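A quick write-up on the structure given underneath.
Only the coordinates and a few stated rules stand behind these numbers; no lab work does. These figures come from a predicted structure and were not determined experimentally. For neighbour counting, all protein chains shown are included, and Cβ atoms are generated from backbone atoms with ideal geometry for every residue, glycine included.
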Amino acid sequence: MKKKDIEIIIPCKDELKNLKIIIPFIKKLYNYNILIIDKSKDTIEIKNFCNIYKHVNYHYQKSNGKGNALREAANLSRAKILVFFDADCSHDPKDIKNLLNPMLKHKSIDHVGGSRMKGGSDELFSDVQHFLRLFGSLFINYIINLKFKTNLTDSQNGLRAIKRKVFIYCRTKSIHTSIEMELVSRTLANGFNYIEIPTHEWTRLYGKSKINLLAHSWSYIYQLIKICFFKIKRKKSKIKYREETWFKK
Ligand SMILES: Nc1nc2c(ncn2[C@@H]2O[C@H](COP(=O)(O)OP(=O)(O)OP(=O)(O)O)[C@@H](O)[C@H]2O)c(=O)[nH]1
Ligand SMILES: [Mg+2]
């Protein structure tokens, strides 16, 4: 696969200080294209910062919400694989290669999600809001696992890699951050192959979370009810992936 076949999509809402750390770091490790899909107040500063770098493209989001941002970015991109990477310094750029490796080795894998339950999280326990969200998140995982007969541990993480065609086929509708659980569920419902790998989540470095428990929890509940009624299609291809264990790497 050529370098241009992979694109790192970074949704960004008021994250200039964080981007100043993330972009140089990612550029040092990879030469994939990066697409910043931005909905910030300080757009000019962010655009000027992106322009310093080769292959870092800036796009101002026309719509609202993270879900819409990811869909706009996927429609703009011409890459075969999209890596979604939050702009708040909570993901480790080194995990990008861990997400991509299974997809590059096994053509049948369509979507790889990072799991904070397997890789650990400093953020999930950082305050009361996050602690409450952890319980909500565990409940959502439980329902998704019942529905699709899976053993998933995380359906909310923003860090994931997915074939662009699969992302578009899934026709997600979430406006905001319920996009992740919807994308995981639609991947499974449409018979695509989904796996999880451990990834660590750090606490955001600068700025504030864009999730407000009171304002956004209804959208998670609504999405979960919709997921319960998803029709499950037959698997499109058999998965041949075996997770690494302590005795077999
Ligand atoms: N383009 C765009 N990006 C957004 C929007 N809302 C959030 N984001 C970005 O999406 C990423 C995830 O948002 P966060 O606020 O960190 O949400 P989260 O990671 O689910 O929640 P925390 O655990 O509290 O950090 C960040 O990079 C945000 O800047 C939006 O409306 N448009
Ligand atoms: Mg975050």
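Things to note:
- Phi angles of segment 64-73 translate, via the Karplus equation with coefficients 6.51, -1.76, 1.60 and θ = phi - 60°, into HN-Hα couplings of 10, x, 5, x, 5, 4, 5, 5, 4, 5 Hz per residue; Gly and Pro are given as x.
- Calculated FRET efficiency for the pair Trp246/Lys54, C-beta based, R₀ 35 Å, to 0.05: 0.30
- Residues Glu45, Glu244, Glu15, arranged from fewest to most other Cβ atoms within 10 angstrom of their Cβ, appear as Glu244, Glu45, Glu15.
- Nitroxide proxy distance, nm - points 7 Å out along Cα→Cβ at Lys238 and Lys62: 4.5 nm
- Sequence-distant contacts, meaning Cα pairs under 8 Å at least 6 residues apart, place the relative contact order of the chain at 24 percent.
- In order along segment 173-188, the Karplus-derived 3J(HN,Hα) couplings, from 6.51 cos²θ - 1.76 cosθ + 1.60 at θ = phi - 60°, round to 10, 4, 7, 10, 7, 6, 3, 5, 5, 5, 5, 4, 5, 5, 4, 5 Hz, and Gly and Pro are given as x.
- Options Asn190, Leu70, Tyr53, ranked by Cα towards positive dipole end of the chain, top entry (Cβ charges): Asn190
- For the residues Pro11, Pro24, Pro93, a GNM of the chain with alpha-carbon springs under 10 Å puts the largest fluctuation on Pro24.
- Separation of the Lys105 and Lys20 label points, Cα + 7 Å toward Cβ, nm: 3.9 nm
- Hz values of 3J(HN,Hα) by residue in segment 107-121 - Karplus curve (6.51, -1.76, 1.60), Gly and Pro given as x: 4, 6, 7, 9, 8, 10, x, x, 10, 7, 6, 8, x, x, 9
- Were the residues from Leu76 through Trp202 laid out at 0.36 nm apart, the gain over their Cα-Cα distance would be 42.5 nm.
- Cα gyration tensor shape for segment 129-249, rounded if a/c is under 1.5, else prolate or oblate: oblate
- Taking a ≥ b ≥ c as the square roots of the eigenvalues of the Cα gyration tensor, an a/c ratio below 1.5 marks the chain as rounded.
- Remark on segment 16-121: hydrodynamic radius 15.0 angstrom, per the Kirkwood mean of 1/r across alpha carbon pairs.
- Take every Cα pair under 8 Å whose residues are at least 6 apart in sequence, average their separation, divide by the length of segment 1-131, and the relative contact order is 30 percent.
- Among Asp42, Asp92, Asp14, the largest mean-square fluctuation in a Gaussian network model of the chain, built with springs joining Cα atoms closer than 10 Å, belongs to Asp42.
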